[in-house]
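The values are calculated or read from the model by the stated rules, or taken from the named source; none is laboratory data. Everything quoted here is computed from the prediction, not taken from an experiment. Counting neighbours? That spans all protein chains shown, and the Cβs are built from the backbone with ideal geometry, glycine included.
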């Protein structure tokens, strides 16, 4: 893409009412547009990043047997009444409305009820289990106070997967398989070394649930990390019994602030019982499938990556999700030869299958470099009179700031690596 054709522009300031660093930088760099508190539109650059995060999540969910679907956003009141979750006294952040025929409906904030209802038509026998179904869908939560930018909004994109197993043992195997997939996701996103499987309250269905917490000083959660075991404990369950279960002592733990980037729960048979989901066992008797749910807020993850990696100059994207692999910057000062060389390199990179944003704008070099730092693409390639006289291209690594000189003939090969 030529930057001169991109309809978004960078800006020096963010809206005065935006206090979260992730939203400030994303707005200034032209990734998102703030519609109202807790509600953001994803612009072309932001959508490219969001789609890459979704693709990583999708690949790892498919790898463990997940099957993707999309469920309706509008919800059937009767299903939620059967599970006791329609009441505002039980769930206080619904977005509810009425259809023109007077029927009550709402916007989805999760999907245990609808996915269980769907499975009533398809899970009939033990031979049908286990099954995992997921979606990547916009969710809506009527938060009293939206904060933390895109990390806690009233509208957000989430991958929610649901598992159905024939027994507690079968469920446990599925649960651990998904947990391993989450580890792979965070490794691919560049935050694996700072993300911990964290023991949290399991509610009434199991002793523990598990959060995946990414260390960050702006995190809303307090966790206690055991570096040796690569696990953590949420502050809410830091009790002697939990320490004993995990075989650790409090002296071995380090207190940290963290951002929750994923969670997994055992649901038991609560939803399958309430909604009448049954299957025939080998002996012919009926049983309710044991369920689990597995969430990752992908739009939240985008904000978390900004919080974790950004520096004083702007955003720094991991290579796996950057909107483009390279940012080509032409410093021409009106020199037509420089423009022709930059144009030639742009076409070469495109033809070689490399995603490149080409800053072909007629603006000062300082503005181009400042915008490049703010946008945060991992590799910057600079073409100028100086680089042309030396027969190559200047390559700048956005994360480290290191610079080097690349021969024209080597730039494609280096980027492909």
>> If I filter segment 122-172 down to residues being free of Cβ contacts under 8 Å to residues at least 40 places away in the same chain and in a helix (DSSP H, G or I), which single residue comes out as nearest to residue 198 (Cα to Cα)?
In response: 172
>> Anything in segment 61-83 that is in a helix (DSSP H, G or I) and touching a helix residue (DSSP H, G or I) at 6+ places or on another chain (Cβ under 8 Å)? List them, or say none.
In response: 61, 63, 79, 80, 82, 83
>> Being more than 19 Å from residue 219 (Cβ to Cβ), assigned to a loop (DSSP other than H, G, I, E, B) and modelled with pLDDT under 95 is the requirement here; does residue 334 meet it?
In response: yes
> In the list 164, 156, which residue meets the criterion of being surrounded by 21 or more Cβ atoms within 10 Å (Cβ to Cβ), within 16 Å of the chain's Cα centre (by Cα) and assigned by TED's automatic domain parsing to the domain that holds residue 65?
Replying inline: 156
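Quick one: which strands (runs of 3 or more DSSP E) lie wholly within segment 189-235 and hold at least 3 residues that are in contact with a helix residue (DSSP H, G or I) (Cβ under 8 Å, 6 or more places away or on another chain)?
195-201, 208-215, 221-226
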> So which of 210, 226 is touching a residue at least 40 places away in the same chain (Cβ under 8 Å) and surrounded by 16 or more Cβ atoms within 10 Å (Cβ to Cβ)?
Replying inline: 210
> Does segment 105-115 hold any residues that are in contact (Cβ under 8 Å) with a residue 40 or more places away in the chain and either assigned to a strand (DSSP E or B) or exposed (fewer than 12 other Cβ atoms within 10 Å of the Cβ) (or both), and which are they?
Replying inline: none
> Quick check, is residue 133 in contact with a helix residue (DSSP H, G or I) (Cβ under 9 Å, 6 or more places away or on another chain) and modelled with pLDDT of 95 or more?
Replying inline: yes
>> Residue under question is residue 41, and the condition is that it be surrounded by fewer than 23 Cβ atoms within 10 Å (Cβ to Cβ), modelled with pLDDT of 95 or more, within 20 Å of residue 160 (Cα to Cα) and in the same structural domain as residue 182 (by TED's automatic domain parsing); does it hold?
In response: no
> Which one of 285, 389 is farther than 21 Å from residue 46 by Cβ, without any contact (Cβ under 8 Å) to a residue 12 or more places away in the chain and assigned by TED's automatic domain parsing to the domain that holds residue 55?
Replying inline: 285
>> For residue 118, only one of the following conditions fails: (1) over 24 Å from the mean Cα position of the chain (by Cα); (2) closer than 27 Å to residue 23 by Cα; (3) in a helix (DSSP H, G or I). What is its number?
In response: (2)
>> Tally up the residues in segment 337-353 that are in a helix (DSSP H, G or I) and in contact with a helix residue (DSSP H, G or I) (Cβ under 8 Å, 6 or more places away or on another chain), please.
In response: 6
>> For the condition without any contact (Cβ under 8 Å) to a residue 24 or more places away in the chain and on the phi > 0 side of the Ramachandran plot, what is the one hit in 102, 84?
In response: 102
> So which residues in segment 1-27 are in contact (Cβ under 8 Å) with a residue 12 or more places away in the chain, in a helix (DSSP H, G or I) and under 30 Å from residue 348 (Cα atoms)?
Replying inline: 3, 4, 26
> Is segment 291-299 home to any residue that is in contact (Cβ under 8 Å) with a residue 40 or more places away in the chain, assigned by TED's automatic domain parsing to the domain that holds residue 200 and within 26 Å of residue 398 (Cα to Cα)?
Replying inline: yes
> So, in segment 394-417, of the ones that are closer than 14 Å to residue 346 by Cα and within 34 Å of the chain's Cα centre (by Cα), which residue ends up surrounded by the fewest Cβ atoms within 10 Å (Cβ to Cβ)?
Replying inline: 412
>> Considering only residues that are surrounded by 21 or more Cβ atoms within 10 Å (Cβ to Cβ) and touching a strand residue (DSSP E or B) at 6+ places or on another chain (Cβ under 7 Å), which ones fall in segment 186-207?
In response: 186, 191, 195, 196, 198, 199, 200
>> Just to verify a result, which residue in segment 354-393, among those that are touching a helix residue (DSSP H, G or I) at 6+ places or on another chain (Cβ under 6 Å) and part of a loop (DSSP other than H, G, I, E, B), is farthest from residue 417 (Cα to Cα)?
In response: 361
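Considering only segment 52-59, I want to know if a residue exists there that is part of a loop (DSSP other than H, G, I, E, B) and either in contact (Cβ under 8 Å) with a residue 12 or more places away in the chain or surrounded by 17 or more Cβ atoms within 10 Å (Cβ to Cβ) (or both).
no
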> Which is in a strand (DSSP E or B) and either closer than 29 Å to residue 322 by Cα or at pLDDT 95 or above (or both), of 267, 277, 243?
Replying inline: 267
> Quick one: in segment 246-257, which of the residues that are in contact with a strand residue (DSSP E or B) (Cβ under 9 Å, 6 or more places away or on another chain) and part of a loop (DSSP other than H, G, I, E, B) is farthest from residue 303 (Cα to Cα)?
Replying inline: 248
